[in-house]
1. Of all residues in segment 157-167 being assigned to a loop (DSSP other than H, G, I, E, B) and in contact with a Leu (Cβ under 9 Å, 6 or more places away or on another chain), which is farthest from residue 63 (Cα to Cα)?
2. Specify which of the listed residues (98, 103, 67, 115) is among the aliphatic types (A, V, I, L, M), surrounded by 14 or more Cβ atoms within 10 Å (Cβ to Cβ), assigned to a helix (DSSP H, G or I) and at pLDDT below 90.
3. Of all residues in segment 48-64, which are outside any loop (DSSP other than H, G, I, E, B) and open to solvent by 60 Å² or more (accessible area, probe 1.4 Å)?
4. Does any residue in segment 132-158 that is farther than 17 Å from residue 78 by Cβ come within less than 8 Å, Cβ to Cβ, of a residue that is aromatic (Phe, Trp, Tyr) and assigned to a helix (DSSP H, G or I) six or more places away or on a different chain, and which pairs are these?
5. Select, from 147, 109, 129, 154, the only residue that is part of a helix (DSSP H, G or I) and open to solvent by less than 20 Å² (accessible area, probe 1.4 Å).
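The values are calculated or read from the model by the stated rules, or taken from the named source; none is laboratory data. Computed from a prediction, not measured in an experiment: that's the story for all the values here. Cβ sites come from the backbone with ideal geometry, for glycine too, and all protein chains shown count toward neighbours. These accessible areas exclude ligands, DNA and RNA; they are computed on the full protein's heavy atoms, side chains included. Shrake-Rupley method; radii C 1.70, N 1.55, O 1.52, S 1.80 Å.
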Amino acid sequence: PTTLPNRLRDSFSGYKSNCLLNRIGEDQPSQAGHDLRPALEEEAMPPYYIAIEGPIGAGKTTLAQRLAEDLKAKLILEAVEENPFLGEFYKDRRRHALKTQILFLINRYQQQKELVQHDLFSPVVVCDYLFSKDRIFASLNLTKDEYFIYEKIYSLLDVQLPKPDLVVFLQASI
């Protein structure tokens, strides 16, 4: 029988991106280069919530889909298109930043909140984003006062959400 760690290692075989693996709670990520199997062989406990992160266009969604298929996992994809304010934001960032960012935060929270209820048929979850990434975009787009408000809301939501067991960070040259 194929165990979860073995299937996870096999899923990364030949993936063409430079990746960093970081088990939550560790100080330093494992540098794994083009093949993540060596880093995963050291995993003592299989991850049940895997988050993929990295810059736009690095292949987060592609890898998440591949992992979910290989691991027969539940797949959670970032729903960017579900934000009706995004078009306005691109036309006038300053004016539309807060409402755009708050809606992203709420949408991501609702997706992540579903993870609290474990799925008996698909115990592994693969997500193509980290909830905490939302803070980075907020800090870049919001004024100081807006960010203060955002942080209050973020802090209330974040404590209610599960944290990933394993984060895979994809690096890509710009």
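1. Residue satisfying both the conditions and the ranking: 161.
2. When all the criteria are applied, what remains is 115.
3. Once the filter is applied, which keeps residues that are outside any loop (DSSP other than H, G, I, E, B) and open to solvent by 60 Å² or more (accessible area, probe 1.4 Å), segment 48-64 yields only 62.
4. Once the first residue is farther than 17 Å from residue 78 by Cβ and sits in segment 132-158, its partners that are aromatic (Phe, Trp, Tyr) and assigned to a helix (DSSP H, G or I) give 139/147; 142/150.
5. Residue meeting the stated conditions: 154.
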